[in-house]
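Asks: Take a look at this one; I'll ask things after.
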Amino acid sequence: MPITFKLEKDGKKWHAFCPQLEGCHTFGQTKEEALVNLKDAVMLYLEDEIENQSMKAVITVVEVRNKKKPSHV
């Protein structure tokens, strides 16, 4: 199951969430802080799912690197 990290500006803060993981949301003062917080939230979410044996799929952990958007976008 691929996991998507999404970021949205919310006033002065950044809202970060994973659409595939119901209720897995967090915030940060910066995009970087929001991503760090989301990484922690995802790990806690998955640990809880594994402990409760509610995950039906095999979980593969991958490193996500921040890609910069082209300047013309």
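Here, each number is a calculation from the coordinates, and none is a lab measurement. What you see is a predicted model, and the numbers here were worked out from it, not measured in a lab.
Asks: If you stretched the chain out fully between Asp48 and Glu32, how much longer would it get, using 0.36 nm times the residue separation minus the C-alpha to C-alpha distance?
Replies: Difference between extended and current length: 3.3 nm.
Asks: A follow-up question, please. Give a residue-ordered list of calculated ³J(HN,Hα) values for region 10-19 (Karplus: 6.51 cos²θ - 1.76 cosθ + 1.60, θ = phi - 60°; whole Hz; x for Gly, Pro).
Replies: 9, x, 8, 10, 10, 9, 10, 7, 10, x
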